[in-house]
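Participant: Once you've had a glance at the structure underneath, I'll fire off some questions.
The values are calculated or read from the model by the stated rules, or taken from the named source; none is laboratory data. Please read these numbers as outputs of a predicted model, since none were measured by experiment. Backbone-built Cβ (ideal geometry, glycine too); neighbour counts: all protein chains shown. For accessibility, only protein heavy atoms count, side chains too; no ligands or nucleic acids. Shrake-Rupley method; radii C 1.70, N 1.55, O 1.52, S 1.80 Å.
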Amino acid sequence: MEIKMKATRDGFGEGLVELGQKRDDIVVLSADLTESTRAAWFKEKFPERFFSMGVSEQDMMGTAAGLALSGKVAFACTFGAFAAGRAWDQVRVSLAYMRTNVKIVGTHGGISVGEDGPTHQANEELALMRILPNMTVIIPCDAVEAKKATIASASYAGPVYLRLGRSGVPVITKEEDVFQIGKSNLLKDGRDVTIIACGVEVYEALLAHEALKKENISARVINLHTIKPIDKDPIIKAAKETGAIVTAEEHTVVGGMGSAVAEVVIQNHPVPMEFVGVKDRFGESGDPKELFKLFGLTSEDIVKAVKKVISRK
């Protein structure tokens with residue numbers, strides 16, 4: 001069966017238009033990346049509620065905060081590398097500290113940005129965002145989930161960071177699947193090990209599940225689309241029932257989703273863990289598929305991590 005490929009940024013663009021049709025309090029800001037972030041789709045439909053801020057990410061965050069304080073729900077869109085890096089001080093003070101109702105949309109996350117190279121590959125922004133008090137952090141696994149996350153975030157109080165990708169990724173969820181901010185989704189049950197993944201790595205985790213099944217290894221797979229607030233109970237349950245955990249993310253292993261899971265595990269039911277992700281280094285320019293192999297983010301790498309963590313049980 002052919003797998004449909006679609007970028008998570010496209011799901012966001014669709015969700016934004018749907019929100020604009022239903023709610024007149026939705027406003028969108030873009031830092032000179034209107035087409036790339038898919039904010040252009042909203043601009044075409046609702047030009048009077050769209051604000052082009054130019055190459056001025058810091059100003060965009062401040063303006064978004066002002067609009068939110070006036071009663072609007074503001075979506076501020078740019079590349080994740082700029083939203084979390086260049087504008088971090090404004091995000092920290094004007095959004096997180098003030099608890100303003102701004103939804104930061106960081107597209108082009110991870111090394112799947114490809115040829116744009118390390119300056120544009122946001123491999124650190126989940127760590128930067130999750131350490132901020134009052135900040136919610138969401139990483140959809142596909143375009144369908146990205147649309148749901150966009151719509152849900154508009155009604156979720158306070159600042160939200162929504163991490164999206166540039167490249168097309170397999171659509172693995174369905175319209176009828178339940179999406180709730182702060183609640184993970186169990187995709188596959190298993191008894192020997194648990195694979196907890198987010199973003200595009202959820203698909204890789206499912207591939208690993210099938211490969212492991214052929215070797216009589218039963219792997220549980222959890223889609224942890226919300227890093228903060230983190231869904232603790234399924235993680236603790238997985239630690240107790242399977243006794244080993246592998247995390248997989250398209251992000252640095254320093255301070256990212258794996259670190260968030262480890263914090264839950266170590267405080268509640270310590271078990272062996274392995275971390276699949278970018279190993280404390282900057283990205284490189286190249287074809288996304290080749291980069292995934294180079295950086296160890298494929299299903300084969302997850303399988304290796306599973307076998308290693310099981311040997312430590």
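Participant: Kindly indicate the residue of the range 195-235 that is open to solvent by less than 10 Å² (accessible area, probe 1.4 Å) and polar (S, T, N, Q) and also nearest to Leu164 (Cα to Cα) among those meeting that condition.
Facilitator: Thr226
Participant: To continue, here is another question. Kindly indicate which of Glu176, Glu115, Glu125, Glu145 is surrounded by fewer than 24 Cβ atoms within 10 Å (Cβ to Cβ), farther than 18 Å from Leu69 by Cβ and either among the β-branched types (Val, Ile, Thr) or modelled with pLDDT of 95 or more (or both).
Facilitator: On the way: Glu115 fails: either among the β-branched types (Val, Ile, Thr) or modelled with pLDDT of 95 or more (or both); Glu125 fails: surrounded by fewer than 24 Cβ atoms within 10 Å (Cβ to Cβ); Glu145 fails: surrounded by fewer than 24 Cβ atoms within 10 Å (Cβ to Cβ).
None of the others qualify; the one that does is Glu176.
Participant: Modelled with pLDDT under 95, under 15 Å from Ile111 (Cβ atoms) and assigned to a loop (DSSP other than H, G, I, E, B), is that true of Gly296?
Facilitator: Details: modelled with pLDDT under 95: no; under 15 Å from Ile111 (Cβ atoms): yes; assigned to a loop (DSSP other than H, G, I, E, B): yes.
No; evaluated as a whole, the condition is false for this residue.
Participant: Report the residue count in the range 224-261 for those that are touching a Pro at 6+ places or on another chain (Cβ under 8 Å) and either in contact (Cβ under 8 Å) with a residue 60 or more places away in the chain or among the charged types (D, E, K, R) (or both). Show your work before the answer.
Facilitator: First, pick out the residues of the range 224-261 that are touching a Pro at 6+ places or on another chain (Cβ under 8 Å): 225, 239, 243-245.
Within this subset, residues satisfying the condition of being either in contact (Cβ under 8 Å) with a residue 60 or more places away in the chain or among the charged types (D, E, K, R) (or both) are 225, 243-245.
Qualifying residue count, the range 224-261: 4.
Participant: Another question, if that's okay. Does Gly296 satisfy being within 12 Å of Thr252 (Cα to Cα), surrounded by fewer than 19 Cβ atoms within 10 Å (Cβ to Cβ), touching a residue at least 12 places away in the same chain (Cβ under 8 Å) and under 21 Å from the mean Cα position of the chain (by Cα)? Outline the logic, then answer.
Facilitator: Numbers: within 12 Å of Thr252 (Cα to Cα): yes; surrounded by fewer than 19 Cβ atoms within 10 Å (Cβ to Cβ): yes; touching a residue at least 12 places away in the same chain (Cβ under 8 Å): yes; under 21 Å from the mean Cα position of the chain (by Cα): yes.
Taking the combined requirement at face value, the residue satisfies it.
Participant: All but one of (1) buried (at least 20 other Cβ atoms within 10 Å of the Cβ); (2) within 13 Å of the chain's Cα centre (by Cα) hold for Met135; which doesn't?
Facilitator: Here Met135 clears every test but (2).
Participant: What about Ser52, is it at pLDDT 95 or above and closer than 23 Å to Tyr156 by Cα?
Facilitator: Working: at pLDDT 95 or above: yes; closer than 23 Å to Tyr156 by Cα: no.
No, not satisfied.
Participant: Determine if the range 6-16 includes at least one residue that is in contact with a strand residue (DSSP E or B) (Cβ under 9 Å, 6 or more places away or on another chain), among the polar types (S, T, N, Q), buried (at least 21 other Cβ atoms within 10 Å of the Cβ) and under 26 Å from Ala96 (Cα atoms). Give the derivation first.
Facilitator: Initial filter on the range 6-16 (in contact with a strand residue (DSSP E or B) (Cβ under 9 Å, 6 or more places away or on another chain)): 6-9, 12, 16.
Next, from what is left, pick out any that are among the polar types (S, T, N, Q): 8.
Those left that are additionally buried (at least 21 other Cβ atoms within 10 Å of the Cβ): 8.
Restricting the remaining residues to those that are under 26 Å from Ala96 (Cα atoms) gives 8.
Looking for residues that are in contact with a strand residue (DSSP E or B) (Cβ under 9 Å, 6 or more places away or on another chain), among the polar types (S, T, N, Q), buried (at least 21 other Cβ atoms within 10 Å of the Cβ) and under 26 Å from Ala96 (Cα atoms), one finds at least one in the range 6-16, hence yes.
Participant: Counting just the residues of the range 300-312 that are farther than 20 Å from Thr252 by Cβ and part of a helix (DSSP H, G or I), which one comes out most open to solvent (accessible area, probe 1.4 Å)? Let's see the steps before the verdict.
Facilitator: Taking the range 300-312 first, the residues farther than 20 Å from Thr252 by Cβ are 300, 303, 306-307, 310-312.
Right, trim to part of a helix (DSSP H, G or I) and you get 300, 303, 306-307, 310-311.
Numbers: Glu300: 112, Val303: 19, Val306: 0, Lys307: 88, Ile310: 53, Ser311: 91 Å².
It comes out as Glu300.
Participant: Quickly run through the range 78-87 and pick out the residues that are part of a helix (DSSP H, G or I) and open to solvent by less than 10 Å² (accessible area, probe 1.4 Å).
Facilitator: Within the range 78-87, Gly80, Ala83, Ala84 meet the criteria.
Participant: Now, a different point. Just the residues that are in a helix (DSSP H, G or I) and either touching a helix residue (DSSP H, G or I) at 6+ places or on another chain (Cβ under 8 Å) or buried (at least 22 other Cβ atoms within 10 Å of the Cβ) (or both), please, taken from the range 243-278. Don't jump to the end; show me each part of the working.
Facilitator: Pass one, the range 243-278, residues in a helix (DSSP H, G or I): 257-268.
Result: Met257, Gly258, Ser259, Ala260, Val261, Val264, Val265, Asn268.
Participant: Related question: Restricting attention to the range 51-77, which residues are of a type in the set (A, V, I, L, M, F, W, C), out of contact with any helix residue (DSSP H, G or I) (no Cβ under 7 Å at 6 or more places or on another chain) and part of a helix (DSSP H, G or I)?
Facilitator: Of everything in the range 51-77, those that are of a type in the set (A, V, I, L, M, F, W, C), out of contact with any helix residue (DSSP H, G or I) (no Cβ under 7 Å at 6 or more places or on another chain) and part of a helix (DSSP H, G or I) turn out to be Met60, Ala64, Leu67, Ala68, Leu69.
Participant: In the range 88-100, how many residues are crowded, with 24+ Cβ neighbours inside 10 Å and of a type outside the set (Val, Ile, Thr)? Give the derivation first.
Facilitator: Filtering the range 88-100 down to residues crowded, with 24+ Cβ neighbours inside 10 Å leaves 91, 95.
With of a type outside the set (Val, Ile, Thr) added as a condition, the list becomes 95.
Going through the range 88-100 one residue at a time, the tally reaches 1.
Participant: Could you grab me the full set of residues in the range 2-23 that are touching a residue at least 12 places away in the same chain (Cβ under 8 Å), more than 20 Å from the chain's Cα centre (by Cα) and assigned to a loop (DSSP other than H, G, I, E, B)?
Facilitator: Passing the criteria: Ile3, Arg23.
Participant: Further, regarding this structure: Taking the range 282-293 as the search range and keeping residues that are in a loop (DSSP other than H, G, I, E, B) and within 19 Å of the chain's Cα centre (by Cα), which one is surrounded by the fewest Cβ atoms within 10 Å (Cβ to Cβ)? Steps first, answer last, please.
Facilitator: Going residue by residue through the range 282-293, those that are in a loop (DSSP other than H, G, I, E, B) are 282-287.
From what's left, within 19 Å of the chain's Cα centre (by Cα): 282-283.
On the way: Phe282: 13, Gly283: 24.
The selected residue is Phe282.
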